[in-house]
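So the structure is just underneath, and the comments pick up after that.
The values are calculated or read from the model by the stated rules, or taken from the named source; none is laboratory data. Since the structure is predicted, the reported quantities are computational estimates derived from the model, not experimental observations. Neighbour counts are summed over all protein chains in view; Cβ atoms, including those assigned to glycine, are modelled from backbone coordinates with ideal geometry.
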Amino acid sequence: MIKFQDIKIGDYVQAEYEGKRWDGEVIGLQKDQHLVQVLTDVQDFWFEPEHLFPIPLTIQALLKLNFKPTMVDDGSVKYMKGAFRLVTPTVHDDFSHFEMWYREDRRHNPHVHYVHELQNHYYDMTKVHLTAE
């Protein structure tokens, strides 16, 4: 489950309905009733936060967001999207320790374990929504 206050329009989440989950994008928030409108490949629908789940931050998730990986001589991997950089110390899907930066804004080991958290940091740093575009 994702806390309502952590969800922003444009975030990618998994929405659950009758035991099935679909990846989707948050396209609306109804703050007074704590409802989240999610657009999936099936349709858009309003969900309560307890039916929304985070998408884990993985190499595949970064590739879907069009990050370009580059191996660094020290064994680390640098993921790039425009001027935004994310560097992990290993090639594996271990994002427990990494550094991200955009111009002079540098963050070491930010609390980012899920795609929507990365999207929120990215927006905070660049003032542009992180999408698959």
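Within region 63-74, residues that are more than 12 Å from VAL115 (Cβ to Cβ) and at pLDDT 95 or above reach partners that are part of a loop (DSSP other than H, G, I, E, B) and of a type outside the set (D, E, K, R) with beta carbons closer than 8 Å, at six or more positions or on different chains, in the pairs ASN66/ALA132. Meeting the requirement of 2 or more residues that are surrounded by 14 or more Cβ atoms within 10 Å (Cβ to Cβ) and assigned by TED's automatic domain parsing to the domain that holds ASN120, the strands (runs of 3 or more DSSP E) wholly within region 1-106 are 77-81, 84-88, 99-102. Take the residues of region 107-133 that are loosely packed, with under 15 Cβ neighbours inside 10 Å and of a type in the set (Asp, Glu): which is nearest to ASN66 (Cα to Cα)? Result: GLU133. Among the residues of region 81-96 satisfying the criterion of being more than 17 Å from MET125 (Cβ to Cβ) and of a type in the set (Val, Ile, Thr), which is modelled with the highest pLDDT? Looking at the filtered set, the residue picked out is THR88.
The rows are residues; the columns are (1) under 17 Å from the mean Cα position of the chain (by Cα); (2) farther than 16 Å from THR131 by Cβ.
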site	(1), (2)
ASP23	yes, no
VAL42	no, yes
TRP46	no, yes
GLU50	no, yes
GLY82	yes, no
VAL87	yes, yes
ASP93	yes, yes
PRO110	yes, yes
VAL115	yes, no
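Taking the criterion of being more than 16 Å from VAL72 (Cα to Cα) and among the β-branched types (Val, Ile, Thr), the residues of region 82-133 that qualify are VAL112, VAL115, THR126, VAL128, THR131.
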